[in-house]
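Below is one structure, written out as C-alpha coordinates; the observations come after it.
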Amino acid sequence: MNKDDTVIGELSEQELRELIPQLQNLTDKYKRAEKIQKALFEISELASSVSSLDRLYKAVHGIVSDFMNADNFYVAFFDPTDKNVDFAYFVDELDEEVISLVPYERIMDGITGYILKNGKSLVITKENTESVLEQTGIQMLGTPPVDLIGVPLKRNAEVIGAMVVQSY
(Lines give C-alpha, C1' and ligand atoms only; values in the text may rest on other atoms or scores of the structure.)
Protein backbone atom coordinates (compact mmCIF):
# COMPACT_ATOMS: atom_id res chain seq x y z
CA MET A 1 0.00 0.00 0.00
CA ASN A 2 1.56 3.34 -1.00
CA LYS A 3 1.10 6.69 0.71
CA ASP A 4 -1.91 7.68 -1.49
CA ASP A 5 -3.73 4.43 -0.69
CA THR A 6 -3.98 5.03 3.06
CA VAL A 7 -7.43 3.87 4.11
CA ILE A 8 -9.58 6.33 6.09
CA GLY A 9 -12.71 4.56 7.21
CA GLU A 10 -13.84 2.67 4.11
CA LEU A 11 -12.35 5.08 1.52
CA SER A 12 -8.75 5.57 0.51
CA GLU A 13 -7.21 9.01 0.60
CA GLN A 14 -7.17 9.00 -3.22
CA GLU A 15 -10.91 8.18 -3.34
CA LEU A 16 -11.61 11.01 -0.91
CA ARG A 17 -9.62 13.43 -3.09
CA GLU A 18 -11.68 12.37 -6.08
CA LEU A 19 -14.86 13.11 -4.14
CA ILE A 20 -13.89 16.71 -3.37
CA PRO A 21 -15.04 18.18 -6.72
CA GLN A 22 -18.36 16.34 -6.41
CA LEU A 23 -18.86 17.67 -2.89
CA GLN A 24 -17.98 21.19 -4.06
CA ASN A 25 -20.50 20.85 -6.87
CA LEU A 26 -23.21 19.69 -4.44
CA THR A 27 -22.37 22.57 -2.09
CA ASP A 28 -22.63 25.05 -4.98
CA LYS A 29 -26.00 23.60 -6.03
CA TYR A 30 -27.26 23.82 -2.43
CA LYS A 31 -26.12 27.44 -2.16
CA ARG A 32 -27.80 28.28 -5.47
CA ALA A 33 -31.04 26.55 -4.40
CA GLU A 34 -30.92 28.46 -1.14
CA LYS A 35 -30.37 31.72 -3.03
CA ILE A 36 -33.32 30.95 -5.34
CA GLN A 37 -35.53 30.13 -2.36
CA LYS A 38 -34.53 33.42 -0.73
CA ALA A 39 -35.27 35.33 -3.95
CA LEU A 40 -38.70 33.72 -4.31
CA PHE A 41 -39.45 34.60 -0.69
CA GLU A 42 -38.35 38.21 -1.34
CA ILE A 43 -40.59 38.42 -4.41
CA SER A 44 -43.50 37.02 -2.41
CA GLU A 45 -42.92 39.55 0.35
CA LEU A 46 -42.65 42.37 -2.18
CA ALA A 47 -45.88 41.36 -3.89
CA SER A 48 -47.79 41.69 -0.65
CA SER A 49 -46.11 44.80 0.71
CA VAL A 50 -45.05 47.13 -2.10
CA SER A 51 -47.27 50.17 -2.62
CA SER A 52 -46.58 50.69 -6.32
CA LEU A 53 -46.30 48.21 -9.19
CA ASP A 54 -43.41 50.22 -10.67
CA ARG A 55 -41.46 49.63 -7.47
CA LEU A 56 -42.38 45.93 -7.59
CA TYR A 57 -41.10 45.52 -11.16
CA LYS A 58 -37.89 47.38 -10.35
CA ALA A 59 -37.35 45.22 -7.26
CA VAL A 60 -37.99 41.98 -9.19
CA HIS A 61 -35.56 43.24 -11.84
CA GLY A 62 -32.97 43.72 -9.10
CA ILE A 63 -33.54 40.22 -7.73
CA VAL A 64 -33.20 38.69 -11.21
CA SER A 65 -29.99 40.71 -11.67
CA ASP A 66 -28.50 38.85 -8.71
CA PHE A 67 -28.68 35.62 -10.76
CA MET A 68 -27.78 36.75 -14.23
CA ASN A 69 -27.06 39.66 -16.51
CA ALA A 70 -30.45 41.38 -16.54
CA ASP A 71 -29.58 44.71 -18.16
CA ASN A 72 -32.48 44.14 -20.55
CA PHE A 73 -35.67 43.22 -18.77
CA TYR A 74 -39.34 43.78 -19.36
CA VAL A 75 -42.77 42.93 -18.01
CA ALA A 76 -45.69 43.00 -20.45
CA PHE A 77 -49.41 42.41 -19.90
CA PHE A 78 -52.01 41.50 -22.51
CA ASP A 79 -55.42 43.14 -22.38
CA PRO A 80 -57.83 40.94 -24.37
CA THR A 81 -60.55 43.61 -24.41
CA ASP A 82 -58.59 46.13 -26.47
CA LYS A 83 -56.04 43.67 -27.93
CA ASN A 84 -53.08 45.70 -26.67
CA VAL A 85 -49.92 44.65 -24.88
CA ASP A 86 -48.91 47.01 -22.09
CA PHE A 87 -45.17 47.04 -21.40
CA ALA A 88 -45.56 47.99 -17.77
CA TYR A 89 -41.80 47.85 -17.14
CA PHE A 90 -39.21 48.10 -19.91
CA VAL A 91 -35.44 48.48 -19.57
CA ASP A 92 -33.37 47.82 -22.69
CA GLU A 93 -29.93 49.04 -23.67
CA LEU A 94 -30.45 48.77 -27.45
CA ASP A 95 -34.14 48.98 -28.33
CA GLU A 96 -36.65 51.79 -27.94
CA GLU A 97 -36.24 53.79 -24.75
CA VAL A 98 -39.93 54.31 -24.17
CA ILE A 99 -42.29 51.54 -25.11
CA SER A 100 -45.72 51.22 -23.59
CA LEU A 101 -48.95 50.20 -25.28
CA VAL A 102 -48.46 48.13 -28.44
CA PRO A 103 -51.18 46.53 -30.56
CA TYR A 104 -51.01 42.75 -30.16
CA GLU A 105 -50.98 42.23 -33.95
CA ARG A 106 -47.67 44.10 -34.15
CA ILE A 107 -45.89 41.67 -31.81
CA MET A 108 -47.90 38.45 -32.13
CA ASP A 109 -45.18 36.77 -34.24
CA GLY A 110 -42.37 37.80 -31.89
CA ILE A 111 -41.07 36.44 -28.60
CA THR A 112 -43.63 38.19 -26.40
CA GLY A 113 -46.47 37.11 -28.68
CA TYR A 114 -45.25 33.51 -28.59
CA ILE A 115 -45.21 33.48 -24.78
CA LEU A 116 -48.65 35.10 -24.59
CA LYS A 117 -50.18 32.69 -27.14
CA ASN A 118 -48.62 29.48 -25.87
CA GLY A 119 -48.17 30.12 -22.17
CA LYS A 120 -44.77 28.44 -22.35
CA SER A 121 -41.38 29.52 -21.11
CA LEU A 122 -38.76 30.21 -23.73
CA VAL A 123 -34.98 29.92 -23.55
CA ILE A 124 -32.86 31.17 -26.43
CA THR A 125 -29.08 30.89 -26.50
CA LYS A 126 -26.51 31.68 -29.14
CA GLU A 127 -26.27 27.94 -29.79
CA ASN A 128 -30.00 27.18 -30.16
CA THR A 129 -31.38 30.37 -31.77
CA GLU A 130 -31.85 28.93 -35.25
CA SER A 131 -33.55 25.73 -34.07
CA VAL A 132 -35.85 27.60 -31.63
CA LEU A 133 -36.93 30.06 -34.32
CA GLU A 134 -37.52 27.22 -36.77
CA GLN A 135 -39.51 25.13 -34.26
CA THR A 136 -41.63 27.99 -32.93
CA GLY A 137 -42.05 30.19 -36.01
CA ILE A 138 -41.00 33.23 -33.97
CA GLN A 139 -39.93 36.26 -36.00
CA MET A 140 -37.25 38.40 -34.38
CA LEU A 141 -38.62 41.87 -33.71
CA GLY A 142 -36.14 44.45 -32.51
CA THR A 143 -32.51 43.62 -31.81
CA PRO A 144 -31.92 39.84 -31.75
CA PRO A 145 -30.70 38.66 -28.33
CA VAL A 146 -27.68 36.44 -27.72
CA ASP A 147 -29.42 34.90 -24.71
CA LEU A 148 -33.03 35.20 -23.57
CA ILE A 149 -35.30 33.75 -20.91
CA GLY A 150 -39.00 34.50 -21.14
CA VAL A 151 -41.72 33.23 -18.83
CA PRO A 152 -45.49 33.59 -18.95
CA LEU A 153 -47.25 35.43 -16.16
CA LYS A 154 -50.45 33.67 -15.20
CA ARG A 155 -53.49 34.32 -13.08
CA ASN A 156 -54.91 30.90 -12.27
CA ALA A 157 -54.46 29.06 -15.59
CA GLU A 158 -54.86 32.14 -17.80
CA VAL A 159 -51.80 33.79 -19.36
CA ILE A 160 -51.95 37.50 -18.58
CA GLY A 161 -48.45 38.59 -19.51
CA ALA A 162 -44.79 37.83 -19.99
CA MET A 163 -41.55 38.58 -18.18
CA VAL A 164 -38.39 38.54 -20.29
CA VAL A 165 -34.70 39.03 -19.61
CA GLN A 166 -32.22 39.11 -22.48
CA SER A 167 -28.65 39.97 -23.34
CA TYR A 168 -27.08 41.16 -26.56
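Nearest 500 deg cm²/dmol is fine: what mean residue ellipticity at 222 nm does the chain get from its DSSP H runs of n ≥ 4 alone, each adding -39,500 (n - 2.57), divided by its residue count? Please list the in-between numbers first.
Numbers: 5 runs with 70 residues, N = 168.
The per-residue figure over the chain is -13500 deg cm²/dmol.
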Under a Cβ-only charge scheme (Lys and Arg +1, Asp and Glu -1), can you give me the dipole magnitude of the chain about the Cα centre, in debye to the nearest 20?
500
Within 15 Å, Cβ to Cβ, of residue 158, how many net charges do the neighbouring residues add up to if Lys/Arg are +1 and Asp/Glu are -1?
+3
Highest-fluctuation residue, 143, 129, 81 considered, GNM on the chain with Cα pairs under 10 Å:
81
Using amide H atoms built 1.01 Å from N in the peptide plane, name the residues 5+ places from residue 140, or on other chains, whose amide H lies under 5 Å from its own.
none
Relative contact order, percent, the chain [alpha-carbon distance under 8 Å, six or more residues apart]
18
Choice from 146, 91, 75 with maximal GNM fluctuation in the chain (Cα, 10 Å cutoff)
146
Which far-off residues, 5 or more places away or on another chain, put their amide H under 5 Å from the one on residue 161, with H placed in the peptide plane?
78, 153
Counting only pairs 8 or more residues apart or on different chains, how many lysine pairs in the chain have their Cα atoms under 22 Å apart?
10
On average, how much accessible surface per residue is there in the chain, in Å², for a 1.4 Å probe, leaving out ligands, DNA and RNA?
67
Given axes a ≥ b ≥ c from the Cα gyration tensor, I'd like to know whether the range 71-168 is rounded (a/c under 1.5), prolate (a/b larger than b/c) or oblate.
oblate
Amide H contacts under 5 Å for residue 168, placed H, 5+ residues apart:
146
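Got a number for carbon plus sulfur as a percent of the range 100-155's accessible area, 1.4 Å probe? It would help to have the intermediate numbers written out before the result.
Numbers: 1660 of 3340 Å².
Carbon with sulfur: 50 percent of the solvent-accessible area.
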Checking a compactness column here: for the chain, what do you get for Rg(Cα) / (2.2 N^0.38 Å), N being the number of residues?
1.42
Helix 13-49 versus the longest principal axis of the chain: what is the Cα-based angle in degrees, 0 to 90, to the nearest 10?
30
Only Cα pairs within less than 10 Å get springs; with that Gaussian network setup on the chain, which residue of 118, 25, 72 has the largest fluctuation?
25
Whole-Hz Karplus ³J(HN,Hα) for the range 121-136, in order, using 6.51 cos²θ - 1.76 cosθ + 1.60 and θ = phi - 60°, x for Gly and Pro?
5, 9, 10, 10, 10, 4, 6, 10, 3, 4, 5, 5, 5, 5, 5, 9
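The values are calculated or read from the model by the stated rules, or taken from the named source; none is laboratory data. Just so you know, these numbers come straight off a predicted model, no measurement behind them. We place every Cβ from the backbone using ideal geometry, glycine too, and count neighbours over all the protein chains shown. Remember, those area values only see protein heavy atoms, side chains included, never the ligands or the DNA or RNA. Shrake-Rupley method; radii C 1.70, N 1.55, O 1.52, S 1.80 Å.
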